[in-house]
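Got a structure for you, written out below as structure tokens; questions coming shortly.
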Amino acid sequence: MWWWVVLPYVAMVIFIVGHIWRWRYDQFGWTSRSTQLQERRLLKWGAPLFHYATFAAIGGHVLGILIPKAWTEAIGIPEGVYTEFSGIAGSLAAIGVLIGAGFLVFRRTTIPRVRATTSMVDYLALILLGIIVILGIYLTLGVQALGGGYDYRNSVSIWFRSLFTGNVDVGAINAAPVMYQVHATAAWVIFAVWPFSRLVHAWSYPLWYLWRPYVVYRSRRPVAPNEPGTTGRRWRKIGSGY
Amino acid sequence: MRIRAQVAMVMNLDKCIGCHTCTVTCKQVWTNRPGLEYVYFNNVETKPGIGYPKRYEDQEHWKGGWTLDGKGRLQLKSGSRLKRLLSIFYNPNLPTIDDYGDPWTYNYQHVIDAPLGTANPSAHSISALTGRDMDMQWGSNWDDDLAGSTRYGMTDPNLANLQEKVRMDFEQVFMFYLPRICEHCLNPSCVASCPSGAMYKRVEDGIVLVDQDRCRGWRFCVSGCPYKKVYFNHRTGKAEKCTLCYPRIESGQPTICSETCVGRLRYLGLFLYDADRVLDAAATPDPHDLYEAQLSVFLDPDDPEVQREAAAQGISADWLDAARRSPVYQLAVRHRVALPLHPEYRTLPMVWYIPPLSPVADVVSAAGYDDLDPDSVFATIDALRIPIEYLANLFTAGDPEPVRRVLRKLATIRSVQRAGQLGFEPNEKLAATVDSDLDELDDLYRLLAIAKYEDRYVIPKAHAEDAGRLALQHEQLFCSLDGEGGPGMGGHGPWGVEDFHAGTAPHGDSGSTQTFRGDDGREHFNLFGWNGSGPTPHLFPGEDPA
């Protein structure tokens, strides 16, 4: 089915090419665009909670989607233990994301100073993230933790990994409940939007700061400026508000 | 020994009249863009006063600068690197815009559009951030000239432990102005705080800059700087700071704040320093020794050994010559009248200040002493513990001795000069009491009081021989600041006085490019950049140039 083959590949291509393009042409727009200067009390709780819970959620996806069921069983993790662990850890992450994102959405939409800095791409990314997060929370809390449970590792995961082998198993995802399908579709859309939004700041987490010398020196090395018109920001509308 | 050159500044606070011309010209040149409404790379504070942003000097609260850990090693006051990375989603030490002052503008359109009537329309203040109506609560200069100091003055962090001695009563108050720019420190804590590695100190001239393409907006530089002289552009999401007007410095011109200073109180020149000694000096255990430790980093440009070594390390002859004539070296090291601002932050700041004698002299006169008599001035300088201790909290980490020594020297210059003017024999013994002699005091008098342009600013041009022909060709076309979104915004390079000639346009003619089509559909003439004499098509409505 086109929906489960073409969309993922298109999203992947846009994701990769878009990042290369943005990295080459819009270093200046590549920032987290923090609004802590404008508002700090809500951000203090919302931002760390959202980000750390999101890290946990990403880790959970790696565990559940990328790693085949056979592997975890091969190293001696029985199905019951996996379900138990993913249920509890997933629920904690989901609650964290829910509360954190709640804080952030509240301040972004109701604090005028913060709203003034928000661009259309931000809203698009926010809405897509909202769909993904709410569905993810529903699937984690509503289906896995409180509901009957569903072993996505026999359907969604197989389809996802088959995308990288070239031999896409469309049947696997078609068998999944519709909410998983919507969740996956929204995820591909946000991957396509990612390079054009402020989400790129995720790749700039400055881990190497831990090993760097404190004070950075640079020489005033004169470089030939680029020809006028051959460089610069091509997407002034994206990433910064003017 | 690694010899490096540093462009540094000295400000003579006795001459500052608090006119804010430096602030205004700096604002016009660097920060008149959206996102930087609240930002002043240069600002002038009234002291005592709480400063901009509020109480920025209280490092127990803001955690800027360096401190020594239990083992005496240098560490950022805000904690370890890991702690910063973990708090990257919420920086606990970042001032908010209310600490700087919510920027406002006025709804001028309301005045323009007001119907005819008897009541005068008024322009209400609106927030520059949101465009909504707002009431002004605070700004960068809210306590200018001690305004409201009965409320704010006592919260000046430099008044710690002095509260019971200081009077904010009108009759007994003292005050002076403190112009501030980025300190371009030898051990910059903003650079050390930047997790992206976007901030750097230039090897050649020591100017501290932010690479706008590498900055990712993690904003630790803002909180890491104890002087709060790195700012967050809320429109671009990037940090910006005082550049020491590097395009002007590179071409041998003083910074715009210096160039336009009405009181001519700023001095620009080179220090030669030993980069290997910087960290040891910054880690000096006793804060009272930090001032001397900072002096020990500087190298004597007249020392032949230093000259030989500097030349061997690639410092060019004209820079060495400029270092020998440097007014900042004269003031800070040779005459020892300039002091660093808050050496206890351990950043080794490179903008130094000559403490003001005037508040002291004023009190001397008010107390009925004869300030013509240096002995009585000395006695009063010693007796006036309050201003001296206050100045010591600003400039010497609380050690009053160096401040007292500087003020005595400044008083002695006045006394010797006055004697000369009145035809008396200058008192050699008086000069000796401040460890000086009459010749040296005369040199200092010329540097401080006569202060010719070429004596105040000794700035060697940057060496661009290796820039290549291509770059030179381009520089004729446009300025290096013209990068997209850069502060140059397509403007033109720095202009010296000699570039201006009456009746000619420095920026070409005011031709057709200076008109634009407004919201009303009519062509308008853009007065910004108009040379004052060229044609002004479409300036007035109904005007239809042939």
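Bear in mind that the values in this text are calculations on the coordinates, not laboratory data. Only a predicted model underlies this, so the values are computations on that prediction, with no experimental measurement involved. All Cβ positions, even for glycine, are placed from backbone atoms using ideal geometry, and neighbour counts span all protein chains on display.
By how many degrees, 0 to 90 and rounded to 10, does the Cα axis of helix A:41-61 deviate from the longest principal axis of chain A?
Between the helix axis and the principal axis of chain A, the angle is about 50 degrees.
Could you pull the Cα extents of the protein assembly as shown along its three principal axes, largest to smallest, in whole Å?
107, 80, 65
Taking a threshold of 18 Å on the Cα-Cα distance, which of the pairs B:Lys54/B:Lys229; B:Lys83/B:Lys238; B:Lys15/B:Lys47; B:Lys27/B:Lys54; B:Lys71/B:Lys229 fall above it?
On the way: B:Lys54/B:Lys229 13 Å; B:Lys83/B:Lys238 22 Å; B:Lys15/B:Lys47 15 Å; B:Lys27/B:Lys54 20 Å; B:Lys71/B:Lys229 29 Å.
Over 18 Å Cα-Cα: B:Lys83/B:Lys238; B:Lys27/B:Lys54; B:Lys71/B:Lys229.
Around A:Pro195, what is the net charge, scoring Lys/Arg as +1 and Asp/Glu as -1 over all other residues with Cβ under 10 Å from its Cβ?
On the way: positive: A:Arg22; negative: A:Asp26.
Here the charged neighbours net out to 0.
Shifting gears a bit: For chain A, take the longest principal axis of its alpha carbons; what is the angle in degrees between that and the long axis of helix A:79-110, to the nearest 10 within 0 to 90?
It works out to around 40 degrees.
Within the set of other residues whose C-beta is less than 14 Å from the C-beta of B:Lys77, count the net charge using Lys and Arg as +1 and Asp and Glu as -1. List each step's numbers first, then the result.
Working: positive: B:Lys63, B:Arg73, B:Arg81, B:Lys83, B:Arg84, B:Lys228, B:Arg346; negative: B:Glu57, B:Asp58, B:Glu60, B:Asp69, B:Glu344.
Residues near B:Lys77 contribute +2 overall.
Taking the beta-carbon count within 10 Å as an exposure proxy, list B:Tyr273, A:Tyr217 from fewest neighbours to most. Walk me through the intermediate numbers first.
On the way: B:Tyr273 24, A:Tyr217 14.
Listing B:Tyr273, A:Tyr217 from fewest to most nearby Cβ atoms yields A:Tyr217, B:Tyr273.
Sticking with this structure for a sec: Which value results when the Cα radius of gyration for segment A:1-69 is divided by 2.2 N^0.38 Å? The partial results should precede the final answer.
On the way: Rg = 17.3 Å, N = 69, 2.2 N^0.38 = 11.0 Å.
Against the empirical 2.2 N^0.38 Å value, I get 1.57 for segment A:1-69.
Report the Cα-based extents of segment B:92-236 along its three principal axes, largest first, to the nearest Å.
Largest first, segment B:92-236 extends 64, 48, 31 Å along its Cα principal axes.
Among A:Trp208, B:Trp142, B:Trp352, which comes first, second and so on when ranked by fewest other beta-carbon atoms within 10 Å?
On the way: A:Trp208 10, B:Trp142 16, B:Trp352 24.
Listed from fewest to most nearby Cβ atoms, that is A:Trp208, B:Trp142, B:Trp352.
Also: With angles folded into 0 to 90 degrees, how steeply does helix A:178-193 sit against the dominant principal axis of chain A? Use alpha carbons for both and round to 10.
20
Mind jotting down the distance between the C-alpha centroids of segment B:379-445 and segment B:1-59, whole Å?
For segment B:1-59 versus segment B:379-445, the Cα centre distance is 27 Å.
Let me have the 222 nm mean residue ellipticity of the protein assembly as shown computed from DSSP H runs of 4+ only, each contributing -39500 (n - 2.57), with the sum over all residues rounded to the nearest 500.
When only DSSP H runs of four or more count, the value is -11000 deg cm²/dmol.
Enter the Cα centre distance for the pair segment B:288-309 and segment B:118-149, rounded to the nearest angstrom.
Between the Cα centres of segment B:288-309 and segment B:118-149 lies a distance of 48 Å.
Would you mind getting me the FRET efficiency between A:Gln27 and B:Ile17? Use the beta-carbon distance for r and R0 = 51 Å, nearest 0.05. Show your work: numbers first, answer last.
Values: r = 43 Å, r/R0 = 0.85.
Calculated transfer efficiency: 0.75.
Starting at the first residue of segment A:151-163, write each ³J(HN,Hα) from the Karplus equation 6.51 cos²θ - 1.76 cosθ + 1.60 with θ = phi - 60°, in whole Hz, x for Gly and Pro.
My calculation for segment A:151-163 gives 8, 5, 6, 9, 10, 4, 4, 5, 4, 4, 5, 5, 4 Hz in order.
Could you please rank B:Phe174, B:Phe395, placing first whichever residue has the fewest other Cβ atoms within 10 Å of its Cβ? Don't jump to the answer; show the numbers that get you there.
On the way: B:Phe174 20, B:Phe395 25.
Ordered by Cβ neighbours within 10 Å, fewest first: B:Phe174, B:Phe395.
Please compute the net charge surrounding B:Cys182, taking Lys and Arg as +1 and Asp and Glu as -1 over other residues with Cβ under 12 Å from its Cβ.
Details: positive: B:Arg180, B:Lys201, B:Lys228, B:Lys229, B:Lys241; negative: B:Glu183, B:Glu240.
That works out to +3.
Can you give me the three principal axis dimensions of segment B:1-104 from its C-alpha atoms, in Å, biggest first?
Extents along the principal axes, in whole Å: 45, 42, 28.
Which value results when the Cα radius of gyration for segment A:10-204 is divided by 2.2 N^0.38 Å?
Values: Rg = 18.0 Å, N = 195, 2.2 N^0.38 = 16.3 Å.
Rg over 2.2 N^0.38 Å, computed on Cα atoms: 1.10.
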